[in-house]
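Chemist: Got a structure for you, written out below as structure tokens; questions coming shortly.
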Amino acid sequence: MTLLHVHDYGGDGPQLVLLHGFSRSLTDWDAAATLLTAGHRVLSVDLPGHGRSPDVFPWTMPTVVRHIADTLDAHGVPEAVLVGHSLGGMVAVEYARANPNRARAAVNLDGFWWGREYPGAGRVGEALLESSGAIAPPEYIEEKVANDSARLGIPADRAEAAARAAARPLPDGRWQTLPERATALEIRDELHKLGALGVTAWLEGADCPLLLVQAGRRLPPVPGMEWFDDFSTRFGQEVSDELAALSRVRPTITVNRIDATHAMNLEAPEAVATLVADFVRGLLQPS
């Protein structure tokens, strides 16, 4: 049994389990989690190969879901609403599919992917791998904080805590970004498998209540990567069209947007917490 690193924020009420995105850590949830403890017991989990959790091989959705279930058992959590951002949102849906008696519902915050043959997918995949397992200079954290604060409006203290938790400090003062490359390759391949299905087919069999959320704003363009803005705009619209159609025929699916970019749980933790709390409150109301 491999147990993952967990932070217990405390609180009373329906159990929430928070999952972060690729190359991030559970610290991304600190601000939103603190708000959610007003009406929930809240735990967050570092996914395998991220933060302070060990790597697991192979990094596949069934393997990761099993380790999350074992970890929640160890913390006395038999049932929960899984709330995930980005990669964590896809894991939350897969957990709910595999554990219908343990997942009261799942929330996916902008966790959608594309197939390997999707136009531009290879370019995005290479960019993702370039940043995985890299050795960064001592000033890496300072530069990342400045960039995230300037581009996304994330408060510097929040950006710094998140950046430090998502990387591994090395004895010589440098940093190693996470996950390591071998893990990143497996994650990319796993996401391509799910993305190739398309949103509609992917969500077949995930029968518990689902809240599916997209970012309301695009990430600011990065010089030299203007192509990614075109890619994400096109893909986001395709996902939006599929979600709208799904919500009309599947009453267990709720679709929403948040006025933030993809980094919504760092940019707009109040809006994220409100949306999650309202969704969970709706689950408890008699139909």
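The values are calculated or read from the model by the stated rules, or taken from the named source; none is laboratory data. Since the structure is predicted, the reported quantities are computational estimates derived from the model, not experimental observations. Methodologically, a virtual Cβ is constructed for each residue, glycine included, from the backbone with ideal geometry; neighbour enumeration extends over all protein chains shown. What goes into the accessible areas is simple: the full protein's heavy atoms, side chains included, and nothing from ligands, DNA or RNA. Shrake-Rupley method; radii C 1.70, N 1.55, O 1.52, S 1.80 Å.
Chemist: Would you work out the charge dipole size for the chain about its Cα centre, treating the Cβ of every Lys and Arg as +1 and the Cβ of every Asp and Glu as -1, and quote it to the nearest 20 debye? List each step's numbers first, then the result.
Modeler: Details: 25 positive and 37 negative charges, 93 e Å.
In total the dipole reaches around 440 debye.
Chemist: Then there's this: Farthest toward the dipole's positive end in the chain, which of PRO155, LEU178, PHE112, given Cβ charges of +1 (Lys, Arg) and -1 (Asp, Glu) about the Cα centre?
Modeler: Result: PHE112, furthest along the dipole toward the positive end.
Chemist: Please identify the helices of the chain, taking whole runs of DSSP H, that span at least 24 Å along their own axis as judged from the Cα atoms and have a mean Kyte-Doolittle score of -0.5 or higher.
Modeler: Those that pass (Cα extent of 24 Å or more, hydropathy at least -0.5) are 226-249.
Chemist: Please give the charge dipole size of the range 206-287, origin at the Cα centre, charges +1 on K and R Cβ atoms and -1 on D and E Cβ atoms. Round to the nearest 20 debye. Write out the running numbers ahead of the final one.
Modeler: Working: 7 positive and 11 negative charges, 54 e Å.
It works out to roughly 260 debye.
Chemist: Using the heavy atoms of the protein chains and a 1.4 angstrom probe, tell me the accessible area per residue for the chain in square angstrom. If you can, show how the numbers build up before the last one.
Modeler: On the way: 12420 Å² over 287 residues.
Ligands and nucleic acids excluded, the figure is 43 Å² per residue.
Chemist: Using DSSP to define loop residues, name the trypsin sites (Lys or Arg not before Pro) in the range 128-206 whose beta-carbon has at most 16 other beta-carbon atoms within 10 Å.
Modeler: Values: sites: LYS144, ARG151, ARG158, ARG164, ARG174, ARG181, ARG188, LYS193; in loops: ARG174.
Those that pass, being in a loop and sparsely packed, are ARG174.
Chemist: With only Lys, Arg, Asp and Glu charged, each at its Cβ (+1 for the first two, -1 for the last two), find how big the charge dipole of the range 1-105 is about the Cα centre; round to the nearest 20 debye. Walk me through the numbers before you get to the answer.
Modeler: On the way: 7 positive and 10 negative charges, 42 e Å.
Taking the Cα centre of the range 1-105 as origin, the dipole is about 200 debye.
Chemist: Kindly list the residues of the range 121-158 that lie in the label zone of THR233, defined by a backbone N under 18 Å from the point 7 Å along the Cα-to-C-beta vector.
Modeler: Counting backbone N atoms under 18 Å from the label point, the list is 121, 124.
Chemist: Tell me the label-point distance for the pair ALA150, THR2, using the 7 Å Cα-to-Cβ offset, in nm and rounded to one decimal.
Modeler: With each label point 7 Å from Cα toward Cβ, the separation is 3.8 nm.
Chemist: Looking at the chain as a GNM with Cα springs under 10 Å, which of GLU204, GLU143, GLU160 has the largest mean-square fluctuation?
Modeler: GLU204
Chemist: Express the relative contact order of the range 136-279 as a whole percentage, based on alpha carbon pairs under 8 Å and six or more residues apart in sequence. Walk me through the numbers on the way to the answer.
Modeler: Numbers: 131 pairs, mean separation 33.5, N = 144.
Over the range 136-279, the number comes to 23 percent.
Chemist: In nanometres, what is the gap between the two model label sites at GLU142 and ALA244, each 7 Å from Cα along Cα-to-Cβ?
Modeler: Simple spin-label model gives 4.8 nm for this pair.
Chemist: Express in nm, to one decimal, how much length is gained between LYS193 and VAL222 on full extension, taking 0.36 nm for each residue of separation and deducting their alpha carbon distance. Mind dumping the intermediate values first?
Modeler: On the way: separation 29, 0.36 × 29 = 10.44 nm, distance 2.78 nm.
Going from the current span to full extension adds 7.7 nm.
Chemist: Which percent of the accessible heavy-atom area of the chain goes to carbon and sulfur, probe 1.4 angstrom?
Modeler: On the way: 6600 of 12420 Å².
Whole-percent figure for carbon plus sulfur exposure: 53.
Chemist: Find out how many positive minus negative residues lie around VAL77, taking Lys and Arg as positive, Asp and Glu as negative, among other residues whose Cβ is under 12 Å from that of VAL77.
Modeler: On the way: positive: ARG41, ARG102, ARG104; negative: ASP8, ASP70, ASP73, GLU79.
Spelling it out: positives minus negatives among the neighbours equals -1.
Chemist: Where is the GNM fluctuation largest for the chain (alpha-carbon springs, 10 angstrom cutoff): SER247, SER25, SER53?
Modeler: In this elastic network of the chain, the residue with the biggest mean-square fluctuation among SER247, SER25, SER53 is SER247.
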